[in-house]
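Each remark here refers to the structure printed beneath this line.
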Amino acid sequence: MLAVKLLIRIEEERGRFLIWAPLFFGAGIGLYFAQSQEPNIITYTVLVLLGLAGLVGVWLWPWGIGPLARALICVVLGFCVAGARAHWVAGPVLDFRYYGPVEGRIVAMDRSQSDAVRLTMDQVRLNDVAPWKVPDRVRVSLHGDQGYLDPAIGQRIALTAHLSGPNGPVEPGGFDFQRMAWFRGIGAVGYTRTPALLLLPPTSEISLAVARLRQKIANRVRAVLPGESGGFAATITTGDRSSMDRATIEALRGSNLAHLLAISGLHMGLLTGFVFQAMRVLMGLWPRLALNAPVKKLAAVTAIGAGVFYLALSGGSVATMRAFIMVTTMFVAILFDRHALTLRAVAMAALIVLVLTPEALTEPGFQMSFAATAALVSVFAWLRDRSRSETARRLPGWARPIAAVVISSAVAGLATAPIGAAHFNQVSHYGLVANLLSVPIMGAVIMPLAVLAALLSIFRLEALALWLMDYPIRWILWVAETVSSLDGAVGKVPSPPSLVLPLLAVSGILLILLRGREKWVTVFLFVFMAFSWAKVDRPEILISETGGLVGVLTDQGRTLSKPRGEGFAARSWLENDGDPASQKAAAERAGFLGQKGKMQIDLSWLSLVHLTGRGAETRLTQACSNGDLVVLSAWRKGDIPDGCDVLDREFLAKSGAVAIRTTSEGWRVIPSRPDDVSRLWTRAR
């Protein structure tokens, strides 16, 4: 009887299968990325057979079994599309440390974590490296005196740089930069402390024409609006963040306003929405056109065109492409006389994005964007139904726009807060207040002025609109600085267990799609996730991939073996612990004793000695007599003394960063790259 009821319930959802499809398609993508071994031809053959079986099921039993067969087909397609994409983007990855001349063409510019200008280059040449081993793209941070070059898209430059293949996670289960770089075509990363020199000025290649236009517009914006206002304006119009100070970006993050910088759903929606409404008003002023032409559809086509231009101008990042697909889907719905804001439109946009870039499923931009969009569509659809009642009409007309802003900010904030906390390890406690004070200004003033500036640029009068943007932008920056500086404005949280985010996504989708009492299932899932997150068990000891940094969890928090160096690993460890301390403050905590080059920490279950610097390998025998475990940041020479465990540079080069955890049988080492893990992006090393 239960099985019959379940099939009847599944059959009731058959007409809504489109809005369920992203869940199953995404599950297939997630299964691909969860594999420890790269799937082989046998795996894909089995999947194809399962897909064919699903097609037979849909054909023979369209009722009852049919929806389950469709779900199976979506899972198979998701897995296969992710695998095809991973092979499609394959390119050479540097498998050794390189120091020497580097030549290349600048194709992108941004800033690194250390606030240095960072260049991405293609058409790369490396000295004494075979052409088929040279990465398609390299990314280099510029340090030191760089007064000899004013970087511009399309320039061919030369520099002397330290390069290596992209590193894996800084701890087991951490963010995998190696995988992200694989899908972005970046085969080497590094830095230079010597001046970069211009070899050839930008050429007239069509492939970089949009990128050069983008940089030209950004430079013009910054010339009219100097300082942080100009940097903010250039970022929201072209996506160029290279001129924004680190402190400003941190203030925006601390106040939950960093989403205003990313050209994504908010910007694309505001821009195309403004163009859509403006075109409807303008065409409505011409009675003959308004009475004889489909004004709404013409406005939708114009808005799509504006979206295409904005997509190209912003550099066509994954986040912007995702936003463009979303708004285009909605405007296409208008062309076919359908409701623009529906879960079907959201589902179609999600499917298109996942088919084109399946790796986006693992990225916070995709997760937060669609979580906010789906939540907003669902809540406002519910409110629309409630508005038909007399009770809902009691709200005065003037108060409804204000209520809409409050509700949208609250709903979007609640939908994205746990995802943001999981990825970025922080929660902005006053983010709702900051958004209520800033988002209306962004939508009602700044974005319309940006459109006006684009129109006035035809007559070289764009400075008028840009000047008008100055004070609204200053208001947003003031709100960000004020809110982020309040006591308790930012709360730190530890990284959740690996299952929390997938369960959170499934729970959120089920909460939206299930009906009636079925929604209570999601309550149990949310409680389970919250409990798992609250009880997360962080590794007692973390060791970097180079062996140059060790972090040990103590009663005061994680103490680090040195106050400087390997800052990315140190910052990541502390953030994943939910610890707001700096590397210097963490290094000053009680625990490590000794002098530079030989630090020791004695725990109740382990005594660890950390050897670094010149001649570290010569001190190994003495260190083994003092500790149970020695971490050596150099290549070991000679045999290991009896009864001594050593993690040296050779071991860490194979294992990646490691964690040490206590068990009932003692302690064990957990590598970031276990021997049984072999994926396309790990094989490259």
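The values are calculated or read from the model by the stated rules, or taken from the named source; none is laboratory data. Predicted model only: the values in this text are computed from it and were never measured. Please note: Cβ atoms are built from the backbone with ideal geometry, for glycine as well, and neighbour counts cover all protein chains shown. SASA here: full protein model, heavy atoms, side chains in, ligands and nucleic acids out. Shrake-Rupley method; radii C 1.70, N 1.55, O 1.52, S 1.80 Å.
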Open item on the list: Among the residues of segment 212-231, are any among the β-branched types (Val, Ile, Thr), closer than 23 Å to Ser369 by Cα and surrounded by fewer than 23 Cβ atoms within 10 Å (Cβ to Cβ)?
Closed with: no
Task: Verdict on Ser532 being assigned to a loop (DSSP other than H, G, I, E, B) and either in contact (Cβ under 8 Å) with a residue 12 or more places away in the chain or under 30 Å from Trp20 (Cβ atoms) (or both) - done: no
Open item on the list: Quick check on my filter: what residues within segment 7-42 are farther than 23 Å from Ala375 by Cβ, open to solvent by less than 50 Å² (accessible area, probe 1.4 Å) and touching a Phe, Trp or Tyr at 6+ places or on another chain (Cβ under 9 Å)?
Closed with: Glu11, Gly28, Tyr32, Pro39
Task: helices (runs of 4 or more DSSP H) wholly inside segment 333-441 that include at least 1 residues being within 20 Å of Ile29 (Cβ to Cβ) and at pLDDT 85 or above - done: 343-356, 364-386, 399-424
Open item on the list: Would you confirm whether or not segment 506-521 contains a residue that is of a type in the set (Phe, Trp, Tyr) and either in contact with a helix residue (DSSP H, G or I) (Cβ under 8 Å, 6 or more places away or on another chain) or more than 30 Å from Ala381 (Cα to Cα) (or both)?
Closed with: no
Open item on the list: Can you tell me which residue is farthest from Ala570 (Cα to Cα) among those in segment 522-542 that are touching a helix residue (DSSP H, G or I) at 6+ places or on another chain (Cβ under 7 Å) and open to solvent by less than 60 Å² (accessible area, probe 1.4 Å)?
Closed with: Thr522
Task: Residue that is acidic (Asp, Glu) and in a strand (DSSP E or B), where the choices are Asp115, Asp95, Asp110 - done: Asp110
Open item on the list: For the condition open to solvent by less than 30 Å² (accessible area, probe 1.4 Å) and either out of contact with any strand residue (DSSP E or B) (no Cβ under 7 Å at 6 or more places or on another chain) or on the phi > 0 side of the Ramachandran plot (or both), what is the one hit in Gly548, Gly565, Gly516?
Closed with: Gly548
TODO: Scan segment 137-149 for residues that are closer than 15 Å to His162 by Cα, open to solvent by 50 Å² or more (accessible area, probe 1.4 Å) and of a type in the set (Gly, Ala, Ser) and report the count.
DONE: 1
Open item on the list: Can you tell me which condition Arg214 does not meet? The list is (1) assigned to a loop (DSSP other than H, G, I, E, B); (2) under 22 Å from Ser314 (Cα atoms); (3) of a type in the set (D, E, K, R), and all the others hold.
Closed with: (1)
- [ ] Would you be able to say whether some residue in segment 220-229 is in contact with a helix residue (DSSP H, G or I) (Cβ under 6 Å, 6 or more places away or on another chain) and among the hydroxyl-bearing types (Ser, Thr, Tyr)?
- [x] yes
Task: Scan of segment 442-492 for residues that are among the basic types (Lys, Arg) and in a helix (DSSP H, G or I), ordered by number - done: Arg474
Open item on the list: Being open to solvent by 70 Å² or more (accessible area, probe 1.4 Å) and either under 22 Å from Trp681 (Cα atoms) or among the charged types (D, E, K, R) (or both) is the filter here; which residues of segment 112-136 pass it?
Closed with: Gln123, Arg125, Asp128, Pro131, Trp132, Lys133, Asp136
TODO: Assess whether Leu574 counts as being at pLDDT 95 or above, part of a helix (DSSP H, G or I) and within 27 Å of the chain's Cα centre (by Cα).
DONE: yes
- [ ] Check off (1) of a type in the set (A, V, I, L, M, F, W, C); (2) touching a residue at least 24 places away in the same chain (Cβ under 8 Å); (3) surrounded by fewer than 17 Cβ atoms within 10 Å (Cβ to Cβ) for Ala84 and give me the number that stays unchecked.
- [x] (2)
